[in-house]
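For reference, the structure is listed below as structure tokens.
The values are calculated or read from the model by the stated rules, or taken from the named source; none is laboratory data. Just so it is clear, the model here is predicted, and its values are computed rather than measured. Cβ placement follows ideal geometry from the backbone for every residue including glycine, while neighbour counts extend to all protein chains displayed. Surface accessibility is based on the protein's heavy atoms, side chains included, excluding ligands, DNA and RNA. Shrake-Rupley method; radii C 1.70, N 1.55, O 1.52, S 1.80 Å.
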Amino acid sequence: MKSFDYLAAFYQAKYNPQGFVRELDSLLASEEATVRAIPFGSDRPNADWLDGYVRGDKKLTLLYRNDTLLAFRLDYKFTEHGQEKSTSGRFFILQQPDLQNVFVAISLEPTTFFRRALLPLFHGLYPTVMLTFVAHRKMKRLLDLFKAEGDYTNLIITRASQRLRYREGTQSKKIMPIVSWPDMTLDEAFQWIEEHNGWFQSIEFKVMSRDRTLAEIGFSRQGIINATALFERAYQTFIIPVCKTIHANLKLFSRRARMERPDLSANPLVIDFEHDQFQDVEENHRLIQAMQLLRGTSVSVLHGNPYVHLSILDYHDGSAFDLWVLDRQRLIIVPQLKASIPAIKRLINHVFDDYAEGRLLDYHHQQS
């Protein structure tokens, strides 16, 4: 007897955007499945432009639209055992009602579809589509909030992907792309990674209520989540704050280029490390070395001691920046004639990933 294809039935139904996340949560309560969600920003006000979009071996088709909820089919090809194969998967895009140019892609398809097609598609849509990054301390705060609001006994970390900064010398041998933490609590794991000057690229955990596992959830630095249950709570605790961060960054990064200002004046950003990050002159060298790892750019060192002055040209779209370290605590980013939102985001993401995290501020607002 052929089993009922609940996924096909779910995709064929047309849902109200306001109740869609709850419907997904109900499905997980009755079926063994995993929901995956990718929050992203775009320079387009809606997702209609994706209908008929073709990139390489991938093609998108809009199945239906109900207000701010769109359903798509993604056809793609892949090679397996030396043979080229074609298949497809489905996903939704939910536009955030109060956050302009912010969306969430959601899919119930298997992991292979997510890894082979959906996530590579969104990476390939750069710079029209931009994923975000979640600062290390914010990731910890959100995990603590998720545990506290749900009154869960514990969050047991089952797997974590990590990276360590300062990839130089013998330390590069210590980088482990996948690390299991079977006996570590959430606090212990984050304390370890902080002591080793690193950050979690992704973290997977079991949600425990006493001895019972309620759900298995993953949360990545790009704000992507996967959940076998408790999706509505995970959406509210993880996805909504990430969407708000994307919206705030789109506003903060806009109109930074000199050409966008009538007097061609500079409109800098500041990364405040909130302590004497540059107390040791050796930090200048570490920053320069970290910035030289930024792919697709030209990095010129105009001055390295006692202060730092770097000139960066992004080959992707011609955006240009000057980076200054003039005191012990701050890195000043000065966009030049052209400075696109994607280029600013990529630059700041690189600083946070490969050098150190800090508080991102508007320079003029900080001075006032």
Open item on the list: Can you pull out every residue in the stretch 145-170 that is part of a helix (DSSP H, G or I) and either modelled with pLDDT of 80 or more or open to solvent by less than 60 Å² (accessible area, probe 1.4 Å) (or both)?
Closed with: L145, F146, K147, A148, E149, G150
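Table: residues versus (1) small (G, A, S); (2) buried (at least 18 other Cβ atoms within 10 Å of the Cβ).
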{"site": "S311", "(1), (2)": "yes, no"}
{"site": "Y315", "(1), (2)": "no, no"}
{"site": "S319", "(1), (2)": "yes, yes"}
{"site": "W324", "(1), (2)": "no, yes"}
{"site": "D327", "(1), (2)": "no, no"}
{"site": "S340", "(1), (2)": "yes, yes"}
{"site": "I344", "(1), (2)": "no, yes"}
{"site": "D354", "(1), (2)": "no, yes"}
{"site": "G358", "(1), (2)": "yes, yes"}
TODO: Restricting attention to strands (runs of 3 or more DSSP E) lying wholly within the stretch 41-104, give those where 1 or more residues are under 21 Å from G223 (Cα atoms) and not small (G, A, S).
DONE: 69-80, 83-95
Open item on the list: Taking the conditions exactly as written (in contact (Cβ under 8 Å) with a residue 40 or more places away in the chain and either within 30 Å of Q18 (Cβ to Cβ) or among the charged types (D, E, K, R) (or both)), does N267 satisfy them or not?
Closed with: no
- [ ] Scan the stretch 297-305 and give yes if some residue there is modelled with pLDDT of 95 or more and open to solvent by less than 30 Å² (accessible area, probe 1.4 Å), otherwise no.
- [x] yes
Open item on the list: For the stretch 107-127: of the residues being in contact with a Lys or Arg (Cβ under 7 Å, 6 or more places away or on another chain) and surrounded by 18 or more Cβ atoms within 10 Å (Cβ to Cβ), which is farthest from T34 (Cα to Cα)?
Closed with: L121
Open item on the list: So, R36, is that one in contact with a Ser or Thr (Cβ under 9 Å, 6 or more places away or on another chain) and part of a strand (DSSP E or B) or not?
Closed with: yes
Open item on the list: Being within 19 Å of L310 (Cβ to Cβ), touching a helix residue (DSSP H, G or I) at 6+ places or on another chain (Cβ under 7 Å), surrounded by fewer than 18 Cβ atoms within 10 Å (Cβ to Cβ) and modelled with pLDDT under 95: is that true of L264 here?
Closed with: no
Open item on the list: Test of understanding: among A339, A266, A257, which residue is touching a Ser or Thr at 6+ places or on another chain (Cβ under 7 Å) and of a type in the set (G, A, S)?
Closed with: A339
TODO: Output the residue which, of all residues in the stretch 46-103 that are of a type in the set (G, A, S) and at positive phi, is surrounded by the fewest Cβ atoms within 10 Å (Cβ to Cβ).
DONE: G82
Task: Condition met for L24 (touching a residue at least 60 places away in the same chain (Cβ under 8 Å) and either of a type in the set (D, E) or open to solvent by less than 20 Å² (accessible area, probe 1.4 Å) (or both)) - done: yes
Open item on the list: Looking at the structure I just gave you, is G218 surrounded by 14 or more Cβ atoms within 10 Å (Cβ to Cβ) and at pLDDT 80 or above?
Closed with: yes
- [ ] For residues that are open to solvent by 60 Å² or more (accessible area, probe 1.4 Å) and part of a helix (DSSP H, G or I), scanning just the stretch 267-295, find the one that is modelled with the lowest pLDDT.
- [x] E282
- [ ] Determine if the stretch 226-233 includes at least one residue that is of a type in the set (G, A, S), within 19 Å of A105 (Cα to Cα) and part of a loop (DSSP other than H, G, I, E, B).
- [x] yes
Open item on the list: With the requirement that a residue be over 21 Å from Q96 (Cβ atoms), without any contact (Cβ under 8 Å) to a residue 40 or more places away in the chain, in contact with a Leu (Cβ under 9 Å, 6 or more places away or on another chain) and not aliphatic (A, V, I, L, M), what does the stretch 54-73 give you?
Closed with: K59, T61, R73
Task: All positions within the stretch 296-327 that are in a loop (DSSP other than H, G, I, E, B), in contact with a helix residue (DSSP H, G or I) (Cβ under 9 Å, 6 or more places away or on another chain) and without any contact (Cβ under 8 Å) to a residue 60 or more places away in the chain - done: G296, G304, N305, P306, Y307, G318
Task: Residue that is farthest from Y126 (Cα to Cα) [pool: residues in the stretch 39-97 that are in contact with a helix residue (DSSP H, G or I) (Cβ under 7 Å, 6 or more places away or on another chain) and of a type in the set (S, T, N, Q)] - done: N66
